[in-house]
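Presented below is the structure to which this report refers.
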Amino acid sequence: MSEVRVGPAGRVAGAVTVPGDKSISHRALILGALARGRSYLGNLSPAADVASTGECLRLCGGSVRPFGAGRVSLDGGGARGALSSPPAPLDCGNSGTTMRLLAGVLAGHDVEAVLDGDSSLRRRPMTRVAEPLTAMGAEAETTPEGTAPLRLRGRARLRAIDYRPAVASAQLKSAVLLAGLSADGPVRVIEPSPSRDHTERLLRLCGVSVSSGADGVRVLPGPLEPFGLHIPGDLSSAAFFLALAAARPGWRVVCPGVTLNPGRTGVLEVLAAMGAEVTVDAGEPAGGVEPVGTVTVAGARLHGTVIAGALVPRCIDEIPVLAVLATQAEGRCEIRDAGELRVKESDRIALLADGLRSLGAGCEETPDGLVVEGPARLRAARLEAHGDHRLAMAWAVAAALVPPGGGESAIAGAGCAAVSYPRFFDDLATLLGRG
Ligand code: S3P
C-alpha cells in the first residue's frame with residue numbers, strides 16, 4: 001500500500017472497535033517472558049511494533065506462542081535468568097518502545113546483545129536509556145551520535161539507583177524499572193511529570209511491589225508471577241476516529257473497550273476543552289489493574305485551546321491528529337512544551353506544519369510546538385506519511401475533513417499505518433460508509 005486516497009466525509013456516525021493497545025501489548029509480552037510459569041494474553045495488538053517485541057524476545061530464548069485472534073501464551077523463565085544472548089542483532093524495526101524496554105530488561109540479564117532498528121529508529125535518541133543503565137552497572141554503548149545500534153552487556157545483578165530523567169518518557173521510566181527487577185535494592189524514578197504507567201500496573205499484576213506517589217515510582221526487585229490479561233483497545237488508535245467525530249456538530253463515534261490509563265486520556269480532555277461532547281462509560285479494569293471503558297465523542301463547533309505542560313505527555317501520540325483537528329476550531333490552538341515530538345518516528349512538528357499548510361491551514365512551527373489558526377477550509381492535497389504511522393493516519397483524518405466536493409487527497413507511504421494499526425484504512429472506510 002504505497003499511496004491511499006481519501007475523500008471528504010459525508011456524515012460520520014458509528015462505532016469502531018479498535019485493536020488491542022500497543023503500549024500494553026509490548027509490556028504484557030515482556031512481563032510474560034519474565035514471569036515464572038505460563039501467562040495468557042488475549043487481544044494482543046496486531047501492530048508491527050508489537051511483532052518486533054515478540055520476535056526479539058524469541059531471539060533471546062523467550063517462548064512466545066500465538067494461537068490465533070490475538071491470543072498468546074508465554075512460558076516465562078523468571079526475572080534475571082529468563083533470557084539469553086541472541087545469536088544475531090535484535091531488529092526492533094520502527095519501535096522505540098521495543099528498543100528502550102528491551103534494553104532495560106536485557107541490562108538485568110547476564111547477556112550480550114545489539115539492539116538495532118530501521119532508519120527512523122536509528123535517528124532517535126538512545127543515550128537517555130544508555131546512561132541510567134550504565135549507572136546501574138550494565139554496559140550500554142550507542143553510536144557517537146547517541147543513537148542505535150545500541151550495544152549492551154547486561155549483568156544479572158545491577159546497582160539500585162534513584163533516577164531523575166530530564167524528560168517525561170514512559171519508555172525511559174520503564175527501561176529503568178525493568179532493569180530494577182535485577183537490582184540489589186529498590187529503584188526509584190522521579191519524572192518531571194507523570195507519563196503512562198502501564199509498566200507499573202502490570203508489574204503489580206505480576207505480584208511485584210511497586211509504589212507511586214509525589215516522590216516518584218519505586219520498584220522492589222523480586223520474582224514475577226504469571227498472569228492472564230485481556231488487553232483493552234488502543235485509545236491512541238481510537239483517537240483518529242474520535243477526533244474526526246469531534247469536528248462537526250451532528251457527527252458521533254463510539255469506541256468500546258479502550259484503555260483509560262490516566263497517562264493516556266489527555267486526548268479526551270483536549271477534545272472536551274475544544275468544545276466536543278465526550279462521554280466515558282467505565283467498565284471492569286483489565287486484569288483488575290488497567291482502567292477500561294467505552295468512549296463516545298459527539299461533534300460541536302470547536303474553539304481553540306492550549307496543550308502544554310503536564311498535559312503533553314498524556315496526549316503525546318495524539319498531537320498529530322489534534323493538530324489536524326485544530327484547523328477546524330475557531331481561534332488559535334497552541335501546542336507548547338512538546339519538543340519530544342521532534343524525536344518521535346519523524347520530526348512531527350516540522351512535518352505537521354508542512355502538511356497542514358499544504359492543506360490550506362494557517363500553521364506556525366515553534367521550537368517546541370505549533371500554533372494553528374482556525375477555522376480553515378481545508379483543500380485536498382498530496383500528503384506524505386514520511387514513514388510515520390501517526391502522520392499517515394492524521395492525514396487521512398485531514399482528508400476526510402476537506403469539505404464535500406473538495407476532492408480526494410493522496411497520502412503517499414500510507415502503508416506505514418501498520419506500525420500501530422494495520423486495518424486503519426479499512427476501518428476508516430467502513431466508518432465513512434465506503435467499506
Ligand atoms: C510509549 C511511550 C511514549 C509514546 C510511545 C509509546 C510507551 O514514548 O510516545 O508511542 O509505550 O511507553 P516516550 O517514552 O518516548 O515518551
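The values are calculated or read from the model by the stated rules, or taken from the named source; none is laboratory data. Model, not experiment: these values are computed from the prediction. Don't worry about glycine lacking a Cβ; one is built from the backbone with ideal geometry, like all the others, and counts go over all protein chains shown. All accessible areas refer to the heavy atoms of the entire protein, side chains included, with ligands and DNA or RNA removed. Shrake-Rupley method; radii C 1.70, N 1.55, O 1.52, S 1.80 Å.
Details
- Our note on the geometry: Cα centres of the range 283-347 and the range 373-412, 18 Å apart.
- Averaging 1/r across all pairs of distinct Cα atoms in the range 22-218 and inverting the result yields a Kirkwood radius of 16.3 Å.
- Residues listed by number, the range 197-228, amide nitrogen under 20 Å from E269 label point at 7 Å toward C-beta: 197-201, 212-217
- Temperature 20 °C, viscosity 1.002 mPa s: under these conditions the Stokes-Einstein estimate for the range 1-132, based on its Kirkwood radius over C-alpha pairs, is 133 µm² per second.
- Overall form of the range 236-365 per C-alpha gyration tensor (a/c, 1.5; a/b vs b/c): oblate
- DSSP-loop trypsin sites (Lys or Arg not before Pro) across the range 16-79, with at most 16 other Cβ within 10 angstrom: R71
- Positive end of the dipole of the chain (Cβ unit charges, origin at the Cα centre): among T97, G309, T430, the Cα lying farthest that way belongs to T430.
- Extension gain from F67 to R332, taking 0.36 nm per residue of separation minus the Cα-Cα distance: 90.5 nm
- For the range 22-218: accessible area per residue (Å², 1.4 Å): 36 Å²
- Average Cα contact separation per residue, the chain, under 8 Å, 6 or more apart, as relative contact order %: 18 percent
- Extension gain, S85 to S211, is 42.2 nm, computed as 0.36 nm per intervening residue step minus the present C-alpha separation.
- Mean projected area in nm² (Cα convex hull; one quarter of hull surface) for the chain: 17.9 nm²
- Across the range 48-59, rounded Karplus estimates of 3J(HN,Hα) from the backbone phi angles (6.51 cos²θ - 1.76 cosθ + 1.60, θ = phi - 60°) give 4, 4, 6, 4, 4, 4, x, 5, 5, 4, 4, 5 Hz, Gly and Pro being marked x.
- A crude spin-label estimate for the pair A412 and A429, with each label 7 Å from Cα along the Cβ direction, gives 2.3 nm.
- The range 135-162 and the range 4-34 have their alpha-carbon centroids 32 Å apart.
- Counting only protein heavy atoms and a 1.4 Å probe, the range 306-431 has 32 square angstrom of accessible area per residue.
- Principal axis dimensions, the range 111-206 - Cα atoms, whole angstrom, descending: 35, 28, 23
- Computed on protein heavy atoms with a 1.4 Å probe, the accessible areas place E365, E340, E112 in the order E112, E365, E340, largest first.
- The Cα atoms of the range 286-327 give a gyration tensor whose axes a ≥ b ≥ c have a/c of 1.5 or more with a/b no greater than b/c, which makes the shape oblate.
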